[in-house]
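Right, one structure below, let's go through it.
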Amino acid sequence: MNLQQLLRLPRYLGASGPPLRRWWSPSLDTIPSVGSWRGQSSRSPAYWNQVVSEAEKIVGYPTSFMSLRCLLSDELSNIAMQVRKLVGTQHPLLTTARELVHDSRHNLQLRGLVVLLISKAAGPSSVNASCQNYDMVSGIYSCQRSLAEITELIHTALLVHRGIVNLNELQSSDGPLKDMQFGNKIAILSGDFLLANACNGLALLQNTKVVELLASALMDLVQGVYHENSTSAKENYITDDIGISTWKEQTFLSHGALLAKSCQAAMELAKHDAEVQDMAFQYGKHMAMSHKINSDLQPFIKEKTSDSMTFNLNSAPVVLHQEFLGRDLWIKQIREAQEKGILDYAKLRETIKAGKGVTSAIDLCRYHGNKALAALESFPPSEARSALENIVFAVTRFS
């Protein structure tokens, strides 16, 4: 029995019942279709698939194969068998496992794809010829491909660790306590396994600066997640009193640092100078920021949104709405949207859309997109550079 068979989980899991509260709050790590906030879609999932498919042809092979060696290992196959014991519960590890196997929209491998594209866009160093003896396929060094795999392993490990459930807030519909405890153990162990593989891969690169960059990115991720979850247990009702500048700092740690430093590390492996490394860093940073803001905007701009659909009260449109409105009026709006202690997200969503937060978030998304495009101007024109530009266009156009 292969891994895909082991993880062929029922599609209805998690479709009903109240959402579980995770120990780490879930992250929107996909790029759905991009549409205007008035409900007129300008970018369909088919368009996004086309952008990714064309980019994959440029780098030589689909990025869905990047972590294949790890996913087909005996250790992970054993973990998959254990995960099947959670079928029938609503443990979020099931959803994560299913997405890793059935990645039909090419979202989970985005970071690795960007690392490969920027590696090819930069090409070999014209100043330092010490890399000329390295293996190169489709204009990308083998060590840079290994770095892309490592980046994906770190990101996937974080997704798996985010599936840890807060056992103090379980409901009877979530499943037996012992099963949820077992799911948490599997999430911790499997996430640690992926991180261990990433660390081993870093060591094999034999580049201390790259190891330092990726280690600092991992530290940033942990710090960012800590900030995300440092709110009270009632964060769905009362939001953080932060401005957009603080939000951007925290979001860079949790969503931008890994991609930015991986892009920089790819330039270091090819022996590019500090200026080229900085431009790669800037592209990774601003592309990741625009990607995150795009994800935050989805509950407010989707053509069809369920009335019961929740959204993060510390997301970019909400933080900007609060900043324009003032803390006291924002808390008043939250209380007005509550009925018997339960927050009416549909009512609050319409209140936010009536303000300036959504349009300001769209502007901020485009701002970071333009910064990413500006960083690409230092790279010579090529198919890889055009693909990187198309990825930015896919997350910043809302007309």
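The values are calculated or read from the model by the stated rules, or taken from the named source; none is laboratory data. Please read these numbers as outputs of a predicted model, since none were measured by experiment. Here Cβ is always computed from backbone atoms with ideal geometry, including for glycine, and neighbour counts include all displayed protein chains. These accessible areas exclude ligands, DNA and RNA; they are computed on the full protein's heavy atoms, side chains included. Shrake-Rupley method; radii C 1.70, N 1.55, O 1.52, S 1.80 Å.
Condition check ((1) open to solvent by less than 20 Å² (accessible area, probe 1.4 Å); (2) within 22 Å of the chain's Cα centre (by Cα); (3) not β-branched (Val, Ile, Thr)) across all residues:
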position: 337; (1), (2), (3): yes, no, yes
position: 345; (1), (2), (3): no, no, yes
position: 356; (1), (2), (3): no, no, yes
position: 377; (1), (2), (3): no, no, yes
position: 382; (1), (2), (3): no, no, yes
position: 393; (1), (2), (3): no, yes, yes
position: 396; (1), (2), (3): yes, yes, no
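So, residue 124, is that one at pLDDT 80 or above and either surrounded by fewer than 21 Cβ atoms within 10 Å (Cβ to Cβ) or out of contact with any helix residue (DSSP H, G or I) (no Cβ under 8 Å at 6 or more places or on another chain) (or both) or not?
yes
Among residues of the stretch 137-151 being open to solvent by less than 20 Å² (accessible area, probe 1.4 Å) and within 14 Å of residue 199 (Cβ to Cβ), the one that is nearest to the chain's Cα centre (by Cα) is 151. Taken over the stretch 245-255, the criterion of being crowded, with 18+ Cβ neighbours inside 10 Å and under 10 Å from residue 323 (Cβ atoms) is satisfied by 247 alone. Evaluate the following for residue 291: is it open to solvent by less than 60 Å² (accessible area, probe 1.4 Å) and either without any contact (Cβ under 8 Å) to a residue 24 or more places away in the chain or within 30 Å of residue 144 (Cβ to Cβ) (or both)? Here the answer is yes, as residue 291 does meet what is asked.
Here the stretch 209-251 is the region considered, the condition is being modelled with pLDDT of 90 or more and in contact with an Asp or Glu (Cβ under 8 Å, 6 or more places away or on another chain), and the residue that is farthest from residue 198 (Cα to Cα) is 244.
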